[in-house]
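Report on the structure given below.
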Amino acid sequence: MTISSATAASSASSTSSATAALAAASDSAEQLNSQFLTLLVSQLNNQDPLQPLDNAQMTSQMAQMSTVSGIQTLNSTLNSLVSQTGSSQTLQAASLIGKGVLVAGNTETVSSGKATPFGVQLSGASDTTTVTITNSAGNVVSTMNLGAQSAGSQTLSWNGQNGSGQQVPDGTYQIAVAASLAGQSVTANALNYAQVSSVAQGTTGVNLSLSNGSTTALSNVQQFF
């Protein structure tokens, strides 16, 4: 079964930046609060005894100080909530271990005569879409004419056979995708299949370690299997 990753990816990619923004806001509020208190004390110490600060002004300034303090407390609370969200995302992503994913890449693996799934990602709809599979020597072993395809990510499969219907040797093959609409080129990228080996919380969000030895952000995953 294929599951869309759009919601999880969007949430993961925003966690790190939100944490940094809230931390900066908290520091700024604390500095402003300290400066405000310093100015207020200085104003009280240097006021004219014959024309002291009236109650309305004092009340207004105290209200402003209270507002600053409240904003600082709110930012601290939000910062804590964002941190908890990051931990929760990591725990949820742990359920992906052992599952297959599609990420950007142009290789296809054939093992025991069976090819792994792969995919294509199109920037727009196409009326002509072609996938060319070549071996390590650069020779074309198979061509797939997919015809019209919609924009977005599409999951595909190859039977592991060449153009003559013969099984190709086990190994790694290269995938190239070309697409067009009414004779105009459409941006097309190949997607690799790999299994999730482990999950970790990084500075930029949740990262996945894959069975092919690479690491990718959760937000870069196009499909889950």
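Values in this text are rule-based calculations from the coordinates and carry no lab data. Quick caveat: nothing in here was measured; it's all calculated off a predicted structure. When we count neighbours, we look across all protein chains shown, and the Cβ atoms used for this are built from the backbone with ideal geometry, even at glycine.
Tell me, Kirkwood radius of the stretch 143-213 from alpha-carbon pair distances, in Å?
15.7
What distance in nm separates the simple spin-label points at Ala217 and Ser111, each placed 7 Å from Cα in the Cβ direction?
2.8
Residue by residue through the stretch 170-179, which ³J(HN,Hα) values in whole Hz follow from phi under the Karplus form 6.51 cos²θ - 1.76 cosθ + 1.60 (θ = phi - 60°), with glycine and proline marked x?
Here the 3J(HN,Hα) series is 4, x, 9, 10, 9, 10, 10, 10, 10, 9 Hz.
Binned at 10 Å from 0, what are the whole-percent values of the Cα-Cα distance distribution for the stretch 101-178, short to long?
Calculated P(r), rounded to whole percents: 18, 53, 26, 3.
Please give the FRET efficiency for Asp127 paired with Thr204, using the beta carbon to beta carbon distance and R0 = 35 Å, rounded to the nearest 0.05.
0.40
Taking neighbour Cβ counts within 10 Å as the exposure measure, how do Phe118, Phe225 sort from fewest upward?
By the 10 Å Cβ count, ascending: Phe225, Phe118.
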